[in-house]
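Here the structure is laid out as structure tokens; the discussion comes afterwards.
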Amino acid sequence: MAIIYATYSQFVVIFFVLFPLSGLPLIESFTFTSVTHHLSRATAGWQNNYFPTKLLLPPPLFGQCQSDDGADEQSNRLLQFHMMNLLQIDDDADRQCEKVKVLSSIIKSCNSVLKDRNGAKHDRNKEVQLHNLPEELLPIRCFINTSSRSKDHRSCFRVFSGEDTKVSLPPNVLLSMNRPFTFLRDSLSYHSDGSENKRGGMMYDGSEAVVWCSLPRSDEDFKFCSSVMDDMPFSQLDLGVDHDEDYVDVELDVESISKLVSQSVLCDEQEINEDGKTSRKYKIKTDDLNVIQTIVSEEVLEYEQQALIKLIDAAVELVRKDPLNESNEPHLVLLAHCVSSSVVASAISSWKEQQLQNQQSPQRVEDLLHQALTVVTFGNSCRSFCDGPAYIHISMFDDPWTNAFGAHSGNEEGSGGGRNAVYFHAYSPYDDEDTNETQHTNLKSHNAHNLNSCLIQYLCLIMRINGIQSFRALYDSARFVDPTAILDINPKHFAVNYSNHGELVIPPRIDDELLPAMIFATGGDQWLWDNGDETQTDFDEVLPDEIEARSHLEESFGYSVFEEIQETCCRQKVIKR
């Protein structure tokens, strides 16, 4: 017998006749699909030995087997969040409270799924073996977090040790030191080979401890920002969890999803309860989870908030004890981009409320904050910065997200950015980009909001043109008013009208010449967001070529500056996002 073929009705008979022993245990749970599966396994070796012709089996009666819940993972519906409506604060307090409540439940469900998934991938007791730890970190080796799970590094300071995996230091260990900000600047900041050779740089004099308060970022991303700022050392405080995958499959309450649809938070408004189930599985982007976390930060990012509050408290306490800074302790600077600025603003407000509850004068609290803390935001999406710190807000005029939700000079007086805040604005080279549906579902819809391809280069130009070597000096120069400067002619009649930023000089051609040239020279074009959309602007048309970029930069900064910038920023290959 060379071929065995049977109809489904004959399948049971043939199976028991040929393989009675292997078939007996399957009597109680017998199905056509299981027969097909076991028959193919049982006959695999036997067929090769006794039959020269391949054993033909009929296809399964009901298709491929599904998971126990009956839902194929590929069929889980993707939740497309309408970012404009998601970030918008509803005028109705009850509707806003309901939205936050639903979003909090989604975060908790996703965290539960991620906890189970990561627990299966990583052993709780598994730790990374440290081989390249810097010498200055050896005395605190026992306090360094070497967990292989990314969630264990939340609200911790990144340790740039050259290890293949992530290691970090808890904030309590740092703040228990005698000189925490000196240690933060010298031992916990990323120092490239160039910054160690320069012992500073053109835009860094060592007077500040600069902390990136950000969602998890890649090493290439972080190092690129440092190289653009002439190898400025940065430390990193992780806000959130670095997810290993792009999507999370989670079971959610259909009623909760219906509430988000009713508030237009979800783009897809079709009927979501067609089968009458009370819950079903959905697929959510991890990038969207990071955005949602910042909206409900008081509940979800509690550890991150406490880490920032302790950091601010240490900086203010230093000012109280040493107002003239005779100890030469570095000044604290917090950097934040996009939605991370909301977490920083919330932490500052929480710290200020705690101090006011202790019966301290509001003016005294704000004066201490102003002296102790400088905050720099890039493309912020927050309008709740409390008065006190020295704020520097950098954004583009054509950034749709900052224009809609962020603090910028176009807001009404006293709205959002904090008292005496400094604003730096320009037009990006991408102002002609077409807007489409991705603008509503993706924060990366417009490159005017791109840190690595626009904002960081603009800050670099301002500091380089004016010879500024610290962020606090940048703020003070922008706020400076010379009482002796009495002009006999109105500045609006000047042939060249420079931007009115105190002592700072900002050329009028910085938008259309210097900024595109700096983006090209630093390699920022490799970080552009294209979103896979063919309708987007051809970036070769908006950015200059090498000859044009070289001419613009050398005209402003001198010969060979183009080669110097490229040597600093392009030492390592940048992975395009």
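Derivation of every value follows stated rules applied to the coordinates shown; laboratory data play no part. What you see is a predicted model, and the numbers here were worked out from it, not measured in a lab. Methodologically, a virtual Cβ is constructed for each residue, glycine included, from the backbone with ideal geometry; neighbour enumeration extends over all protein chains shown.
For Glu251, the amide hydrogen comes within under 5 Å of the amide hydrogens of Tyr282, counting only partners 5 or more places away or on other chains and with H modelled in the peptide plane. Between Asp91 and Asn411, the contour length at 0.36 nm per residue exceeds the Cα-Cα span by 113.4 nm.
For segment 509-521, putting each phi into the Karplus relation 6.51 cos²θ - 1.76 cosθ + 1.60 with θ = phi - 60° gives couplings of 9, 5, 6, 9, 10, 5, 5, x, 5, 5, 4, 5, 5 Hz, in residue order, rounded to whole numbers and with x for Gly and Pro. Sequentially through segment 450-458, phi angles give Karplus couplings (6.51, -1.76, 1.60; θ = phi - 60°) of 7, 5, 7, 10, 7, 5, 5, 5, 5 Hz, Gly and Pro residues having no value and appearing as x.
If R₀ is 45 angstrom, what is the calculated FRET efficiency for the pair Glu245 and Leu324, using the beta carbon separation as r and rounding to 0.05?
Values: r = 51 Å, r/R0 = 1.14.
Using R0 = 45 Å, I get an efficiency of 0.30.
With both labels modelled 7 Å from their Cα along Cα-to-Cβ, the Asp221 to Glu317 distance reads 3.2 nm.
Close amide H partners of Ala209, meaning residues 5 or more places away or on another chain with modelled amide H under 5 Å apart, are His331, Leu332, Val333.
Comparing Cα centroids, segment 438-477 and segment 307-375 end up 23 angstrom apart.
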